[in-house]
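Here is the structure we will look at.
The values are calculated or read from the model by the stated rules, or taken from the named source; none is laboratory data. As the structure is a prediction and not an experimental result, all values here were calculated from the model. Here the Cβ positions follow ideal geometry from the backbone for every residue, glycine too, while neighbour counts run over all protein chains shown. Ligands, DNA and RNA are stripped out before the accessible areas are found, and what is left, the full protein with its side chains, is counted by its heavy atoms. Shrake-Rupley method; radii C 1.70, N 1.55, O 1.52, S 1.80 Å.
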Amino acid sequence: MAAGVPPDALGRRVACGTDYGTVRYVGSVSRTAGIWLGVEWDDPQRGKHDGSYEGIQYFTCRHPKGGSFIRPNKANFGVDFLTAVKDRYGLNDQQDVQYGTGETVVFGKKTVEFVGMDSVAEQQRQVQLNKLVDISVRECAVSHAGQEEEISRVCANMRHINLSKNLISSWETVTAIASQVQNLETLNVSENKMRFPSTSTFTSSGFPNLKILALTQTEITWTEVLLCAQGWPVLEELYLSSNNITVLERPDNVLQTLKLLDLSDNQLLDGNQMHLIAQLPRLEQLILRNTGISSIQFPDVAFGCKTKMFPSLKRLAINGNKISQWSSINELDKLPSLRALQCNNNPFVDTEKNPETLTQLIIAKISQLEVLNNCEILPVERKGAELDYRRIFGKDWLEAGGHWNPEKNKPSEEFLAAHPRYQALCLKYGAPEEGELKGQQPLTLKNQLLTLTIKCPEKPEQKPVEKKLPESMTIQKVKGLLYRLFKIPGSELKLSYESSKLEGKEVKLDNDLKPLQFYSIESGDCVLVRW
């Protein structure tokens, strides 16, 4: 092997300036002198060809122009872990290093701050490596572990390591580093395109206390995840976004402690892939943003019953997908523990042009939901949404065989499939009365908007707010809007209004089910909010 080229160069990750790539060829090239490295670049724009030169194919690339040849002296093969740590934190005797501020890495809602240099540069030089707990060597060209047991000897107290965007070529390198850090709890190895074990003979160890692991943009597959997961006995959070995951498999005897799983930006083949991870007993949060799923089904139970799938799932993110049918939202009511949902940027959202009505429909369809698209659902909002849902689809219910007399109330299977919670809402609030269904407004807001001034007499420091509200909006819905607007804790609102034509006269808005127009409110009037 030529000078400067490691004996294991083939398959190694390299950096050339700010560009990263993988060595696919080491050797001579026709009609040239010396040794060349054939590199497949992460960014195809950096390349020139597909690995061929003058008709000879030296290596292959996924992109037709993703490869090029460089001289070995242009390639950075990286440094060992401890060298990177010492360089980053100015602990090498040979240098007087000044680096920028440290990074903060966000895992879901948790933020881990890694020690930087600006504020503690002078002090850090005197700190021994074994005092470091949170370490970031992001973009420090780490490629290997270094001398055996050296890390455990000098870095015994590390708990959180950021190894993202380095030159790590294989999972074995990660294991070699982590196995020397006995108390390691958080590990980020994202943006390292590496090789993972792919045979069942592989046995993983070295992560006995690891709770949070980020493997974003590492090109890992789900089969490889399950093989490596043997070594993560207490893992609670796993971030796998932007990888090669298209097909899932059932995790047998692994990932049983997992509470959060992020599979976003992986193009799953279909929504039924969810069934294969549905038995993870402790999974509380599942992130499936932009995974291409078009439907969700839990066929093990009928509507009105709770599925045995995802027994602990509290938070689900399915935004940015291809879900076009409301039936998938109906299915989510089967999840026994679901409390928070993110579902915007799906085709079904476009079926309702009024955002407020859209929100109400989702709330009414999922009985236990407490947070929708990161907004808390207040009790007054839920009550308003369910009452409106019951009223809006009342005529459909009657036409499908519904009846005020319980003995004659036999709505069709088609109606119950489209509105599985309707019967439960009638039991909760009573069947819609005939008067409620007369002159029913369509779902879209084509009726007149009222321009009203909103004031809080009990909070004089609160400036009056002007709002445009539809005259058909019920008092219940107005209260829900005002809860959000003024961020008033769960006390009961009391509304009244003053007419611009009858100065000094205040009229109470005391029936939650009546629309604004019932009280003859007009544009220019002032709504007073008390609690």
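Residue-wise test of (1) open to solvent by 20 Å² or more (accessible area, probe 1.4 Å); (2) under 30 Å from Asn76 (Cβ atoms); (3) of a type outside the set (Phe, Trp, Tyr).
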{"residue": "Leu184", "(1), (2), (3)": "no, yes, yes"}
{"residue": "Lys211", "(1), (2), (3)": "yes, no, yes"}
{"residue": "Thr216", "(1), (2), (3)": "yes, yes, yes"}
{"residue": "Ile220", "(1), (2), (3)": "no, yes, yes"}
{"residue": "Trp232", "(1), (2), (3)": "no, no, no"}
{"residue": "Ser241", "(1), (2), (3)": "no, yes, yes"}
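Which condition breaks for Pro411 when tested against (1) modelled with pLDDT of 90 or more; (2) open to solvent by less than 50 Å² (accessible area, probe 1.4 Å); (3) not in a loop (DSSP other than H, G, I, E, B)?
(3)
Exactly one of (1) farther than 22 Å from Leu469 by Cα; (2) in the same structural domain as Ala317 (by the TED database); (3) assigned to a helix (DSSP H, G or I) is unmet by Leu425. Its number?
Among (1) farther than 22 Å from Leu469 by Cα; (2) in the same structural domain as Ala317 (by the TED database); (3) assigned to a helix (DSSP H, G or I), Leu425 violates only (2).
Hey, among the residues in the range 489-511 that are buried (at least 17 other Cβ atoms within 10 Å of the Cβ) and part of a loop (DSSP other than H, G, I, E, B), which one's nearest to the chain's Cα centre (by Cα)?
By that ranking, first place goes to Leu493.
Need pairs with beta-carbon distance below 8 Å; first residue within 21 Å of Glu139 (Cβ to Cβ) and in contact (Cβ under 8 Å) with a residue 24 or more places away in the chain and within the range 65-81, second among the basic types (Lys, Arg) and not in a strand (DSSP E or B); sequence gap 6+ or separate chains.
Phe77/Arg12
Which members of the range 262-285 meet the condition of being touching a helix residue (DSSP H, G or I) at 6+ places or on another chain (Cβ under 8 Å) and under 13 Å from Leu316 (Cα atoms)?
Within the range 262-285, just Leu283 meets the criteria.
Taking into account only those residues within the range 388-405 that are open to solvent by less than 20 Å² (accessible area, probe 1.4 Å) and not charged (D, E, K, R), which is nearest to Glu434 (Cα to Cα)?
Out of the qualifying residues, it is Gly394.
Taking only the range 386-408 into account, find how many residues are within 20 Å of Ala418 (Cβ to Cβ) and free of Cβ contacts under 8 Å to residues at least 40 places away in the same chain.
If we filter the range 386-408 for residues that are within 20 Å of Ala418 (Cβ to Cβ), which is where we start, we get 386-403.
Restricting the remaining residues to those that are free of Cβ contacts under 8 Å to residues at least 40 places away in the same chain gives 389, 393, 396-403.
So the answer is 10.
With touching a residue at least 12 places away in the same chain (Cβ under 8 Å), open to solvent by 60 Å² or more (accessible area, probe 1.4 Å) and closer than 27 Å to Leu437 by Cα as the only criterion, which of Gln476, Gln517 stands out?
After applying the criteria, what remains is Gln517.
Go through the range 243-256 and count every residue that is closer than 20 Å to Ser312 by Cα and crowded, with 16+ Cβ neighbours inside 10 Å. Even if it seems obvious, please write down each step before you answer.
Taking the range 243-256 as the starting set, the residues that turn out to be closer than 20 Å to Ser312 by Cα are 248-256.
If we keep only those that are crowded, with 16+ Cβ neighbours inside 10 Å as well, we get 248, 251, 254-256.
Residues in the range 243-256 being closer than 20 Å to Ser312 by Cα and crowded, with 16+ Cβ neighbours inside 10 Å: 5 in total.
Is there a residue being assigned to a helix (DSSP H, G or I) and at pLDDT 85 or above anywhere in the range 428-449?
So far as the range 428-449 goes, yes, one or more of its residues are assigned to a helix (DSSP H, G or I) and at pLDDT 85 or above.
Residues Ser152, Ser198: which one is of a type in the set (Gly, Ala, Ser), open to solvent by 10 Å² or more (accessible area, probe 1.4 Å) and in a helix (DSSP H, G or I)?
Sole residue among the options that is of a type in the set (Gly, Ala, Ser), open to solvent by 10 Å² or more (accessible area, probe 1.4 Å) and in a helix (DSSP H, G or I): Ser152.
For (1) more than 29 Å from Leu238 (Cα to Cα); (2) at pLDDT 90 or above; (3) surrounded by fewer than 14 Cβ atoms within 10 Å (Cβ to Cβ), each residue gets a yes or a no:
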position: Asp87; (1), (2), (3): yes, yes, no
position: Gly90; (1), (2), (3): yes, no, no
position: Gln95; (1), (2), (3): yes, no, yes
position: Thr104; (1), (2), (3): no, no, yes
position: Glu113; (1), (2), (3): no, no, yes
position: Arg125; (1), (2), (3): yes, no, no
position: Ile135; (1), (2), (3): no, yes, no
position: Cys140; (1), (2), (3): no, yes, no
position: His144; (1), (2), (3): no, yes, no
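Does the range 311-336 hold any residues that are in contact with an Asp or Glu (Cβ under 8 Å, 6 or more places away or on another chain) and either open to solvent by 30 Å² or more (accessible area, probe 1.4 Å) or not assigned by the TED database to the domain that holds Gln285 (or both), and which are they?
Ser312, Lys314, Arg315
Against the condition outside any helix (DSSP H, G or I) and closer than 19 Å to Gln217 by Cβ, how does Arg24 come out, does it pass?
Values: outside any helix (DSSP H, G or I): yes; closer than 19 Å to Gln217 by Cβ: no.
It is false that Arg24 is outside any helix (DSSP H, G or I) and closer than 19 Å to Gln217 by Cβ.
Looking only at the range 354-363, decide whether some residue is assigned to a loop (DSSP other than H, G, I, E, B), modelled with pLDDT of 95 or more, open to solvent by less than 60 Å² (accessible area, probe 1.4 Å) and assigned by the TED database to the domain that holds Pro233.
Taking every residue of the range 354-363 in turn, none turns out to be assigned to a loop (DSSP other than H, G, I, E, B), modelled with pLDDT of 95 or more, open to solvent by less than 60 Å² (accessible area, probe 1.4 Å) and assigned by the TED database to the domain that holds Pro233.
Take the range 269-310 and flag every residue that is open to solvent by less than 30 Å² (accessible area, probe 1.4 Å) and in a loop (DSSP other than H, G, I, E, B).
Ala278, Leu280, Leu283, Leu288, Thr291, Gly292, Ile293, Ile296, Phe298, Thr307, Met309, Phe310
Step by step: first the residues of the range 35-46, then only those that are over 12 Å from Ala15 (Cβ atoms) and touching a Lys or Arg at 6+ places or on another chain (Cβ under 7 Å), then the one that is least open to solvent (accessible area, probe 1.4 Å). Which residue is that?
Selected residue: Gly38.
List, please: which pairs have Cβ atoms under 9 Å, are six or more places apart or on different chains, and start with a residue in the range 209-223 that is part of a strand (DSSP E or B) and end with one that is open to solvent by 10 Å² or more (accessible area, probe 1.4 Å) and modelled with pLDDT under 95?
Every condition considered, the pairs that remain are Ile212/Gly108; Ile212/Lys110; Ile212/Val112; Ala214/Val105.
Is it true that some residue in the range 42-49 is of a type in the set (Asp, Glu) and in contact with a helix residue (DSSP H, G or I) (Cβ under 7 Å, 6 or more places away or on another chain)? Let's see the steps before the verdict.
Going through the range 42-49, the residues of a type in the set (Asp, Glu) turn out to be 42-43.
Now restrict to residues that are in contact with a helix residue (DSSP H, G or I) (Cβ under 7 Å, 6 or more places away or on another chain): none.
No, there is no match, as no residue in the range 42-49 is of a type in the set (Asp, Glu) and in contact with a helix residue (DSSP H, G or I) (Cβ under 7 Å, 6 or more places away or on another chain).
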